[in-house]
Amino acid sequence: MATERFETIRTAERLAEVGPAWTALWAQSGALVFQSHAWVSAWWASAPDRERRGLAIVLAWRDETLVGVLPLAIVRRRGFRVLEWAAKDCSDFGDALLAVRTDHNLVRRMWRHAGRSGGFDLAYLNRLLPDAAARTLLQPENGGVRLRLNHRDEANWRVRGPWKSGPAWFDAQSKKTRQNYRRGQKFLAERGLLTFRLLEPGTPLGPVLDRLTTFKRAWLQRQDLASTAFYDEGSRALHAMVQVLSDTGLLHAFVLECDGEVVAVSINFVQAGTMMAFVTTYDPEVERASPGMVLMMDYIMWSIDHGLHTVDFLCGDEGFKGRFGTQSLTLASMTGARTPQGAAAQIVDRAQHAWRRRFGKAEDANGETVATEAAV
């Protein structure tokens, strides 16, 4: 009978050593790239604030075969040590990685090991799809730190339907939507030859990503919004994650160009018959033409024409997603306290959430306004 054992990865050296076994498990499981060794390693290598983070990845072995990964990390926020998904800041869905997806008992045993390893006050695991294996940890008998559903949900919009072709999907859109698309195309074409294309494998990604970053920073500045690690000056995080998509053969990068100059970019990837839209942005100087919308409609039609059954906008409830999406899923989150400090943070969080609900005060998806953020 195989001997089961668990370990917790704390160092970059050990993370590198388990790469082959983790990658083999990921390839066997068919899991999303967010749970791959390459993704987590690229995040850890490029994280700009590693001084306040630590790895806490739980591995489950049966003899010398890796059968489960619970990709976790600890971050210090506002005096709390929070256990969260590794690569949370650049991953749209979080979950365990399993050789047998329905082996929920293994998930619970890995979670019990995480609790015994310690080092955190509060656990916050978010962006859970309805079929996420990690949802089994909501059961009272999970054997470790007790987890409960948290009030911070996020939306996941998808385009899925019976269309046989891209033009059929386009014709099914409202008259106003079709007019806006054609108006945007016309406006952009007045600046020069308008071209939509998929970047060929092997195309140097640096110039396109630099262009994307420039657009995103300008857009954030116009909206008076703070930047993220992806777009901070000098950050290589976005480049690192996109390189993983390229190396794994999943990358589908679309551009919209006027006379060879990029005016919109969408970094996507394809898995399990689904086009997943990771990062999309546009030149704010031509915002009037809605280049982002034009590009999005172009890649939706491209996806349908190439036999993909779904376009997934990933997490977030931006307005355009609801306008085009035909299916909406709720991404749940769950929290649990391991120490008295963590329990106190949960009490404050629940009280502040109740106050917001009573007085109608808005709260952002990440809950950055409350004391437990800590948790997010």
Summed residue charge, Cβ within 10 Å of Q327's Cβ, Lys/Arg positive, Asp/Glu negative: +1
Correct choice for mean projected area of the Cα convex hull in nm² that was computed from the model, options (i) 20.0; (ii) 16.3; (iii) 17.3: (i)
Selected from G119, G54, G68 as most flexible by GNM, with the chain as the system and alpha-carbon contacts under 10 Å: G119
Stretch in the chain that is longest and holds no GluC sites (Glu not before Pro) that DSSP places in a loop and that have at most 10 other beta carbons within 10 Å: 234-376
Amide H contacts under 5 Å for L314, placed H, 5+ residues apart: W157, A277
Helix-only mean residue ellipticity at 222 nm for the chain, each DSSP H run of n ≥ 4 adding -39500 (n - 2.57), per residue, nearest 500: -11000 deg cm²/dmol
Relative contact order %, the chain, counting alpha carbon pairs below 8 Å whose residues are six or more apart: 21 percent
Estimated dipole of region 159-202 in Debye, rounded to 20 [Cβ of Lys and Arg +1, of Asp and Glu -1, Cα centre]: 260 debye
Angle in degrees between helix 291-305 and the longest Cα principal axis of the chain, rounded to the nearest 10: 80 degrees
Estimated vicinal HN-Hα couplings, Hz - region 145-151 in sequence order (Karplus 6.51, -1.76, 1.60; Gly, Pro = x): 4, 5, 10, 9, 4, 9, 7
Theoretical gain in end-to-end length, A344 to S174 [0.36 nm per residue, Cα-Cα removed]: 56.2 nm
Computed magnitude of the charge dipole of the chain (debye, nearest 20; Cβ of K, R +1, Cβ of D, E -1): 1260 debye
Long-range amide H partners of L72 with built H, under 5 Å: A56, I57, V58, A86
Lysine pairs in the chain with Cα atoms under 25 Å, if 8 or more residues apart or on separate chains: 13
Share, in percent, of DSSP beta bridges within the chain that are antiparallel, nearest 5: 90 percent
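Quick note: the coordinates plus some simple rules give every number you see, no bench work behind them. For clarity, every value in this text was computed on a predicted model and none was experimentally measured. Backbone-built Cβ (ideal geometry, glycine too); neighbour counts: all protein chains shown.
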